[in-house]
Amino acid sequence: MKYIEIRLTPTDGQLEELTGFLLAAGITDTVVDDPADLAELLNKKEDYEWDYVDPAVLKGAEIKPRITFYLEDSAANRRLASELTAQAQQTFAGLTAEISTEDDSAWKDEWKKYFKPARITERLTVKPTWENYTPSADELVIEIDPGMAFGTGTHETTSLCLALLEKYLQPGERVLDIGCGSGILSIGAALLGASAVLAVDIDPQAVFVSRENVALNGCEATVRVQQGDLTKGLDFEADLIAANLMADLVIMLSPHAGQHLRRGGLYISSGILAEKCAEVEAAIREAGFAIEEIRQDGMWCAIAARWQ
Ligand code: SAH
């Protein structure tokens, strides 16, 4: 789709007035880049808000406060864009404006070029839905369209989980997947022979994407997907829990994980930065688990622990 991008950079301190000006002109959908927001994000109030910030995000601290909005490309909207920017420049001394026409059809799917079929573990291969691939006889293929959800399998936190699932899951076992994202671990569990899988995510988008992927892999009979917060309100006893979240969420989940595991069941947690691993390990032991194995890949760790 072609659209017009209008970017307005006022002089210091005029961001709010400019937002008001645009609202009065009927422009309600704006993107505000304000380095002050980033400063607030970095100054987190709760430990579990985030663990890791992409360096690209930190670059945002260097930009000037600005407002961007988009209009569908048409002659009328091009006229509107130039009228509005002229008015804005009259109202706000020193304001700079950039107007450009963009075409998102090229870059919208750009990332797909980098998501290729990949053998993640000894038996499991992850394949994007849009690629053709002929598996070998011993290979299990998880088809994924991650959409807006996390989980293409290539991230260390996911591949560590898949490897531990492959090692510990016995055919016929029941699996609880907390923070299912794209549904990748649940589908992997089903292919490895799980008899029933409950996939849970707090994000409705992830629930939607997981359901699509579960259907795509023909696993509907085994995998049920539902929206939820960690294990709150879940009535499901598992032989194995997989939770690829992040250190502080794993710590929050650990005291409740045992309530959903049979004695001797396995708790696989991942998304743990190496520097937080000892803290998470202590919380898991404290909750009554025996540590079976800790794996590390790059800066990420995953822990397999047994419910006593
Ligand atoms: N299981 C996938 C996705 C992991 S990303 C994989 O291994 O690749 C972590 C997921 O946890 C995200 O989809 C996020 O929405 C979900 N999540 C975060 N907090 C949660 C919570 N409190 N309860 C349930 N899911 C949560």
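The values are calculated or read from the model by the stated rules, or taken from the named source; none is laboratory data. Keep in mind that this is a model prediction, so the values were computed, not measured. Here Cβ is always computed from backbone atoms with ideal geometry, including for glycine, and neighbour counts include all displayed protein chains. These accessible areas exclude ligands, DNA and RNA; they are computed on the full protein's heavy atoms, side chains included. Shrake-Rupley method; radii C 1.70, N 1.55, O 1.52, S 1.80 Å.
Annotations for the structure displayed:
- Listed by position, the strands (runs of 3 or more DSSP E) inside the range 69-174 whose residues that are closer than 22 Å to GLY298 by Cβ number at least 3 are 124-128.
- The residues in the range 221-257 that are part of a loop (DSSP other than H, G, I, E, B), among the hydrophobic types (A, V, I, L, M, F, W, C) and within 8 Å of the ligand (Cβ to nearest atom) can be counted, and the count is 3.
- The single condition from (1) open to solvent by 50 Å² or more (accessible area, probe 1.4 Å); (2) at pLDDT 90 or above that ILE4 fails is (1).
- The lone exception for PHE208 - which of (1) in contact with a Lys or Arg (Cβ under 9 Å, 6 or more places away or on another chain); (2) at pLDDT below 95 it fails: (1)
- Output for the range 175-189, where each listed residue is within 10 Å of the ligand (Cβ to nearest atom) and not in a helix (DSSP H, G or I): ASP177, ILE178, GLY179, CYS180, GLY181, SER182, GLY183
- Candidates GLU281, GLU275, GLU286 - the one that is over 28 Å from GLY147 (Cα atoms) and touching a strand residue (DSSP E or B) at 6+ places or on another chain (Cβ under 8 Å): GLU281
- Selection status of LEU95, more than 28 Å from MET1 (Cα to Cα), touching a strand residue (DSSP E or B) at 6+ places or on another chain (Cβ under 7 Å) and not charged (D, E, K, R): yes
- The condition of being under 19 Å from ALA304 (Cβ atoms) and either under 16 Å from the mean Cα position of the chain (by Cα) or assigned to a loop (DSSP other than H, G, I, E, B) (or both) does not hold for GLY218.
- Exactly one residue among THR152, THR121 is within 16 Å of the ligand (Cβ to nearest atom), touching a Ser or Thr at 6+ places or on another chain (Cβ under 9 Å), under 30 Å from ASN217 (Cβ atoms) and at pLDDT 90 or above, and that residue is THR121.
- Residue check for ALA215: open to solvent by less than 30 Å² (accessible area, probe 1.4 Å) and more than 10 Å from the ligand (Cβ to nearest atom): no
- In the range 258-308, counting only strands (runs of 3 or more DSSP E) that sit wholly within it, the ones holding 1 or more residues that are surrounded by fewer than 16 Cβ atoms within 10 Å (Cβ to Cβ), of a type outside the set (A, V, I, L, M) and in contact with a Cys (Cβ under 8 Å, 6 or more places away or on another chain) span 289-297.
- Search result, residues across the range 7-25 that are of a type in the set (Gly, Ala, Ser) and at pLDDT below 90: GLY13
- In the range 7-21, the qualifying residues are those that are assigned to a loop (DSSP other than H, G, I, E, B) and either farther than 11 Å from THR91 by Cβ or of a type in the set (D, E, K, R) (or both), and the one that is most open to solvent (accessible area, probe 1.4 Å) is ASP12.
- Selection within the range 173-183 - closer than 14 Å to LEU266 by Cβ and open to solvent by 10 Å² or more (accessible area, probe 1.4 Å): GLU173, ARG174
- Some residue of the range 104-116 being at pLDDT 90 or above and open to solvent by 50 Å² or more (accessible area, probe 1.4 Å): no
- In the set (1) within 25 Å of GLN227 (Cα to Cα); (2) away from the ligand (no atom under 16 Å from the Cβ), the condition left unmet by LEU192 is number (2).
- When SER210 is tested against (1) under 18 Å from PHE115 (Cβ atoms); (2) open to solvent by 10 Å² or more (accessible area, probe 1.4 Å); (3) more than 8 Å from the ligand (Cβ to nearest atom); (4) of a type outside the set (Phe, Trp, Tyr), only condition (2) is not met.
- Selection count where residues are of a type outside the set (Gly, Ala, Ser), touching a Leu at 6+ places or on another chain (Cβ under 9 Å) and either closer than 17 Å to TYR70 by Cα or surrounded by fewer than 11 Cβ atoms within 10 Å (Cβ to Cβ) (or both), scope the range 22-44: 5
- Scan of the range 98-141 for residues that are in contact with a Lys or Arg (Cβ under 7 Å, 6 or more places away or on another chain) and hydrophobic (A, V, I, L, M, F, W, C), ordered by number: TRP130, LEU140, VAL141
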